[in-house]
Amino acid sequence: MANNSKIKIKGYSERGVIDALVYSMYEHEELAKEFINLLVPEVTISESDKITFYVEQSLSDFGDPDLMILIGKEKNPESLIFVEAKVKTWSNNWSLETEWKKFNDCRFDEKNKRKLGKITSNLFRQLRMKKELMEHIGEVKLDGYRIPDARLQGTKNGKRKIGSNGVVQKAFADISKVEKDSVYYAAIVPDSCENLEKFKNDSEDEFVKRINFVSWACIEKIFVDNKDNKDDKDSLIKIAFEHNKGQIY
(Lines give C-alpha, C1' and ligand atoms only; values in the text may rest on other atoms or scores of the structure.)
Protein backbone atom coordinates (compact mmCIF):
# COMPACT_ATOMS: atom_id res chain seq x y z
CA MET A 1 0.00 0.00 0.00
CA ALA A 2 1.61 3.26 -1.12
CA ASN A 3 2.18 5.88 1.54
CA ASN A 4 0.28 9.11 0.84
CA SER A 5 1.56 11.82 3.16
CA LYS A 6 -1.46 14.03 2.38
CA ILE A 7 -3.98 11.52 3.70
CA LYS A 8 -4.21 10.00 7.17
CA ILE A 9 -6.65 7.31 8.27
CA LYS A 10 -7.65 7.24 11.94
CA GLY A 11 -9.70 4.19 12.83
CA TYR A 12 -11.64 4.30 16.11
CA SER A 13 -11.65 1.73 18.92
CA GLU A 14 -10.93 -2.00 18.50
CA ARG A 15 -12.42 -2.12 15.01
CA GLY A 16 -10.18 0.68 13.78
CA VAL A 17 -7.06 -0.95 15.21
CA ILE A 18 -7.98 -4.41 13.89
CA ASP A 19 -8.42 -2.92 10.41
CA ALA A 20 -5.00 -1.28 10.67
CA LEU A 21 -3.44 -4.55 11.85
CA VAL A 22 -4.86 -6.49 8.91
CA TYR A 23 -3.73 -3.90 6.34
CA SER A 24 -0.25 -3.92 7.88
CA MET A 25 -0.13 -7.71 7.63
CA TYR A 26 -1.26 -7.55 4.02
CA GLU A 27 1.76 -5.33 3.32
CA HIS A 28 4.22 -7.28 5.46
CA GLU A 29 3.73 -11.04 5.41
CA GLU A 30 6.20 -11.67 8.23
CA LEU A 31 3.97 -9.64 10.56
CA ALA A 32 1.08 -12.01 9.91
CA LYS A 33 3.16 -14.98 11.07
CA GLU A 34 4.35 -13.09 14.17
CA PHE A 35 0.80 -12.05 14.98
CA ILE A 36 -0.57 -15.57 14.68
CA ASN A 37 2.32 -16.99 16.70
CA LEU A 38 1.56 -14.48 19.47
CA LEU A 39 -2.16 -15.30 19.43
CA VAL A 40 -1.82 -19.08 19.23
CA PRO A 41 1.73 -20.44 19.53
CA GLU A 42 0.46 -23.99 18.86
CA VAL A 43 -0.37 -23.16 15.24
CA THR A 44 2.42 -23.81 12.75
CA ILE A 45 2.54 -22.11 9.36
CA SER A 46 4.43 -23.69 6.47
CA GLU A 47 5.85 -21.82 3.50
CA SER A 48 3.06 -23.14 1.26
CA ASP A 49 0.20 -22.27 3.65
CA LYS A 50 -2.32 -19.59 2.79
CA ILE A 51 -3.55 -17.18 5.47
CA THR A 52 -7.03 -15.69 5.09
CA PHE A 53 -8.35 -12.94 7.36
CA TYR A 54 -12.09 -12.36 7.70
CA VAL A 55 -12.80 -9.00 9.34
CA GLU A 56 -16.14 -8.62 11.16
CA GLN A 57 -17.57 -11.56 9.22
CA SER A 58 -21.16 -12.25 10.14
CA LEU A 59 -22.01 -15.76 11.30
CA SER A 60 -25.66 -14.83 11.61
CA ASP A 61 -27.20 -16.10 14.87
CA PHE A 62 -23.74 -16.96 16.20
CA GLY A 63 -22.42 -13.40 16.08
CA ASP A 64 -19.79 -11.42 14.19
CA PRO A 65 -16.23 -12.18 15.34
CA ASP A 66 -13.82 -9.26 15.15
CA LEU A 67 -11.45 -11.48 13.22
CA MET A 68 -11.37 -15.02 11.85
CA ILE A 69 -8.09 -16.46 10.57
CA LEU A 70 -7.96 -19.53 8.31
CA ILE A 71 -4.58 -21.19 7.83
CA GLY A 72 -3.57 -24.01 5.50
CA LYS A 73 -4.06 -25.05 1.93
CA GLU A 74 -6.51 -22.89 0.00
CA LYS A 75 -9.12 -25.62 -0.42
CA ASN A 76 -8.15 -27.53 2.69
CA PRO A 77 -7.49 -25.20 5.64
CA GLU A 78 -6.02 -26.89 8.69
CA SER A 79 -6.47 -24.30 11.44
CA LEU A 80 -9.04 -21.68 12.38
CA ILE A 81 -8.63 -18.88 14.95
CA PHE A 82 -11.52 -16.83 16.29
CA VAL A 83 -10.35 -13.49 17.66
CA GLU A 84 -12.32 -11.04 19.78
CA ALA A 85 -10.79 -7.68 20.71
CA LYS A 86 -11.84 -5.39 23.56
CA VAL A 87 -10.97 -1.88 24.68
CA LYS A 88 -11.75 -0.06 27.89
CA THR A 89 -13.89 3.06 27.89
CA TRP A 90 -12.08 6.34 28.35
CA SER A 91 -13.18 6.79 31.96
CA ASN A 92 -13.49 3.19 33.20
CA ASN A 93 -11.18 0.28 33.81
CA TRP A 94 -11.65 -3.10 32.13
CA SER A 95 -10.80 -6.50 33.55
CA LEU A 96 -11.27 -10.15 32.70
CA GLU A 97 -12.64 -10.73 36.19
CA THR A 98 -15.48 -8.25 35.62
CA GLU A 99 -16.27 -9.68 32.18
CA TRP A 100 -16.34 -13.20 33.60
CA LYS A 101 -18.65 -12.17 36.43
CA LYS A 102 -21.06 -10.45 34.03
CA PHE A 103 -21.11 -13.56 31.85
CA ASN A 104 -21.86 -15.91 34.75
CA ASP A 105 -24.43 -13.61 36.33
CA CYS A 106 -26.49 -13.52 33.13
CA ARG A 107 -29.63 -15.63 33.13
CA PHE A 108 -32.30 -14.74 30.64
CA ASP A 109 -35.94 -14.26 31.54
CA GLU A 110 -38.65 -11.89 30.40
CA LYS A 111 -37.77 -9.32 33.05
CA ASN A 112 -34.10 -9.52 32.16
CA LYS A 113 -34.24 -8.40 28.53
CA ARG A 114 -32.73 -4.99 29.18
CA LYS A 115 -29.93 -6.42 31.29
CA LEU A 116 -29.20 -9.07 28.66
CA GLY A 117 -28.76 -6.44 25.98
CA LYS A 118 -25.79 -5.06 27.87
CA ILE A 119 -23.85 -8.32 27.77
CA THR A 120 -24.32 -9.40 24.15
CA SER A 121 -20.83 -7.98 23.50
CA ASN A 122 -19.35 -9.77 26.49
CA LEU A 123 -16.00 -11.34 25.61
CA PHE A 124 -16.77 -14.78 27.02
CA ARG A 125 -20.26 -14.90 25.54
CA GLN A 126 -18.91 -14.06 22.09
CA LEU A 127 -16.17 -16.68 22.16
CA ARG A 128 -18.41 -19.36 23.66
CA MET A 129 -20.93 -18.74 20.89
CA LYS A 130 -18.25 -19.59 18.30
CA LYS A 131 -17.32 -22.71 20.26
CA GLU A 132 -20.95 -23.87 20.22
CA LEU A 133 -21.08 -23.27 16.47
CA MET A 134 -17.96 -25.27 15.68
CA GLU A 135 -18.72 -28.14 18.06
CA HIS A 136 -22.28 -28.60 16.75
CA ILE A 137 -21.67 -27.74 13.12
CA GLY A 138 -23.54 -30.80 11.85
CA GLU A 139 -26.72 -29.78 13.67
CA VAL A 140 -26.32 -26.17 12.52
CA LYS A 141 -26.10 -27.34 8.91
CA LEU A 142 -29.10 -29.64 9.29
CA ASP A 143 -31.71 -27.52 11.04
CA GLY A 144 -29.98 -25.18 13.48
CA TYR A 145 -28.85 -25.72 17.04
CA ARG A 146 -30.49 -24.71 20.30
CA ILE A 147 -27.79 -23.83 22.84
CA PRO A 148 -28.71 -25.25 26.27
CA ASP A 149 -26.42 -22.91 28.25
CA ALA A 150 -28.72 -20.26 29.79
CA ARG A 151 -25.95 -17.66 29.61
CA LEU A 152 -25.97 -17.90 25.81
CA GLN A 153 -29.66 -18.20 25.03
CA GLY A 154 -30.55 -14.51 25.08
CA THR A 155 -33.67 -13.22 23.43
CA LYS A 156 -33.31 -15.95 20.81
CA ASN A 157 -34.19 -19.01 22.84
CA GLY A 158 -34.86 -21.30 19.89
CA LYS A 159 -32.53 -22.85 17.34
CA ARG A 160 -29.67 -20.71 16.10
CA LYS A 161 -29.01 -20.87 12.38
CA ILE A 162 -26.61 -19.56 9.76
CA GLY A 163 -29.41 -18.39 7.49
CA SER A 164 -29.53 -17.94 3.74
CA ASN A 165 -27.27 -14.90 3.16
CA GLY A 166 -24.86 -15.90 0.41
CA VAL A 167 -21.80 -14.14 1.84
CA VAL A 168 -22.37 -15.69 5.28
CA GLN A 169 -22.89 -19.11 3.68
CA LYS A 170 -19.55 -18.84 1.83
CA ALA A 171 -17.64 -17.99 5.00
CA PHE A 172 -19.46 -20.74 6.90
CA ALA A 173 -18.53 -23.26 4.20
CA ASP A 174 -14.86 -22.21 4.51
CA ILE A 175 -14.65 -22.60 8.29
CA SER A 176 -16.66 -25.84 8.20
CA LYS A 177 -13.67 -27.56 6.58
CA VAL A 178 -11.62 -27.27 9.79
CA GLU A 179 -11.78 -30.06 12.37
CA LYS A 180 -13.03 -28.87 15.77
CA ASP A 181 -9.76 -29.91 17.43
CA SER A 182 -7.95 -27.42 15.19
CA VAL A 183 -10.14 -24.45 16.17
CA TYR A 184 -8.56 -21.91 18.52
CA TYR A 185 -9.89 -18.93 20.46
CA ALA A 186 -7.98 -15.73 21.21
CA ALA A 187 -8.78 -12.48 22.98
CA ILE A 188 -6.92 -9.18 22.63
CA VAL A 189 -7.68 -7.15 25.74
CA PRO A 190 -6.70 -3.94 27.59
CA ASP A 191 -5.04 -5.64 30.54
CA SER A 192 -1.49 -6.45 31.64
CA CYS A 193 0.23 -9.71 30.71
CA GLU A 194 0.58 -10.52 34.42
CA ASN A 195 -3.18 -10.18 35.04
CA LEU A 196 -4.03 -12.25 31.97
CA GLU A 197 -1.76 -15.07 33.05
CA LYS A 198 -3.08 -15.01 36.61
CA PHE A 199 -6.72 -15.03 35.51
CA LYS A 200 -6.18 -18.03 33.25
CA ASN A 201 -4.15 -19.94 35.82
CA ASP A 202 -6.73 -19.31 38.55
CA SER A 203 -9.72 -20.26 36.42
CA GLU A 204 -11.29 -23.69 36.78
CA ASP A 205 -13.40 -23.32 33.65
CA GLU A 206 -12.39 -25.71 30.87
CA PHE A 207 -13.16 -23.28 28.05
CA VAL A 208 -11.35 -20.34 29.69
CA LYS A 209 -8.27 -22.57 29.78
CA ARG A 210 -8.53 -22.88 25.98
CA ILE A 211 -8.58 -19.13 25.33
CA ASN A 212 -5.30 -17.42 24.54
CA PHE A 213 -5.35 -13.96 26.14
CA VAL A 214 -3.07 -11.31 24.65
CA SER A 215 -2.45 -7.75 25.81
CA TRP A 216 -2.70 -4.84 23.37
CA ALA A 217 0.76 -3.82 24.59
CA CYS A 218 2.22 -7.02 23.10
CA ILE A 219 0.42 -6.42 19.80
CA GLU A 220 1.70 -2.85 19.62
CA LYS A 221 5.27 -3.96 20.25
CA ILE A 222 5.21 -6.36 17.30
CA PHE A 223 3.64 -3.94 14.84
CA VAL A 224 4.90 -0.50 15.84
CA ASP A 225 8.46 -1.68 16.47
CA ASN A 226 8.55 -3.49 13.14
CA LYS A 227 11.48 -2.27 11.02
CA ASP A 228 9.12 -1.01 8.30
CA ASN A 229 6.92 0.94 10.74
CA LYS A 230 9.38 2.06 13.41
CA ASP A 231 10.57 5.20 11.64
CA ASP A 232 7.39 5.85 9.67
CA LYS A 233 5.30 8.33 11.66
CA ASP A 234 2.51 8.01 9.08
CA SER A 235 2.20 4.21 9.19
CA LEU A 236 -1.43 3.14 9.46
CA ILE A 237 -0.88 1.02 12.57
CA LYS A 238 1.16 3.64 14.40
CA ILE A 239 -1.56 6.23 13.77
CA ALA A 240 -4.24 3.78 14.98
CA PHE A 241 -2.49 3.09 18.28
CA GLU A 242 -1.73 6.76 18.87
CA HIS A 243 -5.29 7.80 18.03
CA ASN A 244 -6.76 5.28 20.50
CA LYS A 245 -4.25 5.89 23.26
CA GLY A 246 -6.00 5.79 26.62
CA GLN A 247 -8.59 3.19 25.71
CA ILE A 248 -6.57 0.49 24.00
CA TYR A 249 -4.70 0.03 27.28
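So for the stretch 110-117 (the condition being open to solvent by less than 50 Å² (accessible area, probe 1.4 Å) and at pLDDT 95 or above), does at least one residue qualify? Before the answer, list the steps.
Restricting attention to the stretch 110-117, the residues satisfying the condition of being open to solvent by less than 50 Å² (accessible area, probe 1.4 Å) are 112, 116-117.
The next check asks that each one be at pLDDT 95 or above; those that pass are none.
Within the stretch 110-117, none of the residues are open to solvent by less than 50 Å² (accessible area, probe 1.4 Å) and at pLDDT 95 or above.
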Any idea how many residues of the stretch 1-44 are more than 19 Å from the chain's Cα centre (by Cα) and closer than 19 Å to C218 by Cβ?
2
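Every residue in the stretch 158-193 that is open to solvent by less than 70 Å² (accessible area, probe 1.4 Å), of a type outside the set (G, A, S) and over 18 Å from the mean Cα position of the chain (by Cα), please.
We begin by selecting, within the stretch 158-193, every residue open to solvent by less than 70 Å² (accessible area, probe 1.4 Å); these are 158, 160, 162-163, 166, 168, 171-176, 178, 182-193.
Okay, now just the ones that are also of a type outside the set (G, A, S), so 160, 162, 168, 172, 174-175, 178, 183-185, 188-191, 193.
Across the stretch 158-193, the qualifying residues are R160, I162.
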So V140 ticks every box in (1) open to solvent by 20 Å² or more (accessible area, probe 1.4 Å); (2) modelled with pLDDT of 95 or more but one. Which box is left unticked?
(1)
Within the stretch 227-247, identify whether any single residue is touching a helix residue (DSSP H, G or I) at 6+ places or on another chain (Cβ under 6 Å), open to solvent by 20 Å² or more (accessible area, probe 1.4 Å), under 19 Å from G16 (Cα atoms) and among the aliphatic types (A, V, I, L, M), and answer yes or no.
yes
Could you check how many residues of the stretch 194-218 are open to solvent by less than 60 Å² (accessible area, probe 1.4 Å), farther than 26 Å from K180 by Cα and either of a type in the set (D, E) or in contact with a helix residue (DSSP H, G or I) (Cβ under 7 Å, 6 or more places away or on another chain) (or both)?
1
Go through (1) on the phi > 0 side of the Ramachandran plot; (2) open to solvent by less than 10 Å² (accessible area, probe 1.4 Å) one by one and return the number of the condition I81 breaks.
(1)
Residues of the stretch 167-214 being at pLDDT 95 or above, hydroxyl-bearing (S, T, Y) and in contact with a Ser or Thr (Cβ under 9 Å, 6 or more places away or on another chain), in sequence order, are S182, Y184
Just to be sure, is V17 open to solvent by 20 Å² or more (accessible area, probe 1.4 Å), in a helix (DSSP H, G or I) and touching a residue at least 40 places away in the same chain (Cβ under 8 Å)?
no
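Please go through the stretch 59-78 and give me each residue that is aliphatic (A, V, I, L, M) and either open to solvent by 20 Å² or more (accessible area, probe 1.4 Å) or out of contact with any strand residue (DSSP E or B) (no Cβ under 6 Å at 6 or more places or on another chain) (or both), ordered by number. If you could, list the steps in order and put the result at the bottom.
Step one: list which residues in the stretch 59-78 are aliphatic (A, V, I, L, M), which gives 59, 67-71.
Hit for the stretch 59-78 is L59, nothing else.
What about E99, is it acidic (D, E) and either out of contact with any helix residue (DSSP H, G or I) (no Cβ under 7 Å at 6 or more places or on another chain) or open to solvent by 80 Å² or more (accessible area, probe 1.4 Å) (or both)? Quick ask: steps written out before the conclusion?
Details: acidic (D, E): yes; either out of contact with any helix residue (DSSP H, G or I) (no Cβ under 7 Å at 6 or more places or on another chain) or open to solvent by 80 Å² or more (accessible area, probe 1.4 Å) (or both): no.
The answer is no for E99.
Please find, within the stretch 60-106, the residue that is modelled with the highest pLDDT out of those that are over 22 Å from F213 (Cβ atoms) and part of a loop (DSSP other than H, G, I, E, B). If you could, list the steps in order and put the result at the bottom.
Going residue by residue through the stretch 60-106, those that are over 22 Å from F213 (Cβ atoms) are 60-61, 72-78, 90-91.
Next cut, part of a loop (DSSP other than H, G, I, E, B) only: 74-75, 90-91.
Values: E74: 85, K75: 89, W90: 67, S91: 62.
The residue in question is K75.
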Note on L142: of the conditions (1) more than 18 Å from the chain's Cα centre (by Cα); (2) in a loop (DSSP other than H, G, I, E, B), unmet is (2)
If I ask for residues that are free of Cβ contacts under 8 Å to residues at least 60 places away in the same chain and not acidic (D, E), which ones from the stretch 20-39 would you list?
V22, M25, Y26, A32, K33, I36, N37
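The values are calculated or read from the model by the stated rules, or taken from the named source; none is laboratory data. These numbers were taken from a predicted model, which means no experiment stands behind them. Cβ atoms come from the backbone with ideal geometry, glycine included; neighbour counts cover every protein chain shown. Just so you know, the surface numbers come from the protein's heavy atoms only, side chains and all, with ligands and any DNA or RNA stripped out. Shrake-Rupley method; radii C 1.70, N 1.55, O 1.52, S 1.80 Å.
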